[in-house]
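Since the structure comes first, as structure tokens, the remarks are kept for the end.
The values are calculated or read from the model by the stated rules, or taken from the named source; none is laboratory data. Bear in mind that the values here come from a model prediction, so they are computed numbers and not experimental data. Reconstructed Cβ throughout: ideal geometry from the backbone, glycine too, with neighbour counts over all protein chains shown. SASA here: full protein model, heavy atoms, side chains in, ligands and nucleic acids out. Shrake-Rupley method; radii C 1.70, N 1.55, O 1.52, S 1.80 Å.
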Amino acid sequence: MKKAIVIGASSGIGMEVGKLLISDGWKIGIAARRTDRLMELKAKSPQMVEVETIDVNSDEAEDLLLSLIAVTGGMDLFFYAPGIGRQNPTLDPEIEENTVVTNALGFTRMIGAAYRYMAQHGGGHIAAITSIAGTKGLGPAPSYSATKAFQGTYIEALEQLANTQKLNIRFTDVRPGFVGTALLNDGNRYPMMLRKEDVAFEIVEAIRKHKHVCVIDWRWRIVTALWRCIPKCIWRHLPLQVKKQKEKNK
């Protein structure tokens, strides 16, 4: 039986990926800061799910991950979904710093722990959600786009490192566009919003096909390709912004 660890499985894309893996016959270990939703998933498939409470910003996160791997019976796939981010044009320092701590330090802590485990246990597959926001520096969300670029570069570097060390570790960098999850439940209107169920299906397919990079969906593949073609001298003057939802009359 294939074994997977899903970090950030209490809601959104992480939970949907966990459900798909279970239906496909995987035994999974799931983790997040909130355990109530995790226990709901375990209750539906008690023999297929193990649960652990892990805060990726905690110093004990790696030890808890290794404990979860042990009770799951191993790890063939490590899927990483946690992340935070908000529009922050005023550069509120708390928002900027919290985003960096979670999306850069927490990410590095957990992806690095998974890499070290796989290096010692014959390899495996690491898949992580980054974002199309890492394609260019986005003015409305500076720390978010910067940390997502960091994540993509980190995965690329580890892929080169694994090949250099002749390790059987594969990587999939998942870059969705805007997804209808709690992360974007901020009153703003986002274009080309994706359903989390559809995104999860594409992620599982990308893992199965061993894709190195998976931009979701085809519309965002076109958009990000166009973004890359825009010279920096033009990009820095583009007035990027997301519109606020109009309040409905009560």
- Message: Show me the ranking of peptides 84-94, 29-39 by mean Cβ neighbours inside 10 Å, starting with the highest.
- Response: 29-39, 84-94
- 5 angstrom amide H check on Val51, placed H, neighbours 5+ away: Ile30
- Query: Using 18 Å as the cut-off for backbone N distance, which residues of segment 137-164 belong to the label zone defined by a point 7 Å from the Cα of Glu97 along Cα→Cβ?
  - Reply: 142-144, 147
- In whole percent, the fraction of accessible protein surface over the chain that belongs to carbon or sulfur atoms, probe radius 1.4 Å, stands at 53
- Note on the structure: Checked the chain with the C-alpha gyration tensor, a ≥ b ≥ c its square-rooted eigenvalues, rounded below a/c of 1.5, otherwise prolate if a/b is larger than b/c and oblate if not; verdict prolate
- Net charge of neighbours whose Cβ lies under 15 Å from the Cβ of Ile234, counting Lys and Arg as +1 and Asp and Glu as -1: +4
- To the nearest 20 debye, segment 4-152 has a Cα-centred charge dipole, built from +1 on Lys and Arg Cβ and -1 on Asp and Glu Cβ, of 440
- For segment 21-75 and segment 88-167, write down the distance between their C-alpha centroids in whole Å. 21
- Cβ-based net charge around Met39, under 15 Å, with every Lys or Arg adding one and every Asp or Glu removing one: +2
- Task: Quick one: dipole size for the chain, taken about the Cα centre, charges +1 on Lys/Arg Cβ and -1 on Asp/Glu Cβ, in debye to the nearest 20.
- Result: 1040
- Note on the structure: Contact order relative to length for the chain, counting C-alpha pairs under 8 Å separated by 6 or more residues, stands in percent at 17
- Message: Of all beta bridges DSSP finds with both residues in the chain, what is the antiparallel percent, to the nearest 5?
- Response: 5
- Message: Using a probe radius of 1.4 Å on heavy atoms only, what accessible surface per residue do you get for the chain? Whole Å² is fine.
- Response: 53
- Item | Peptide ranges 156-164, 143-151 listed from the most packed, as the mean C-beta count within 10 angstrom indicates | 143-151, 156-164
- Between the residues Ile222, Gly139, Asn163, the Cα farthest towards the positive end of the dipole of the chain, that dipole coming from +1 and -1 charges on the beta-carbon of Lys, Arg, Asp and Glu, is from Ile222
- So what is the calculated 222 nm ellipticity per residue for the chain, using -39500 (n - 2.57) for each DSSP H run with n of 4 or more, over all residues, to the nearest 500 deg cm²/dmol? -13500 deg cm²/dmol
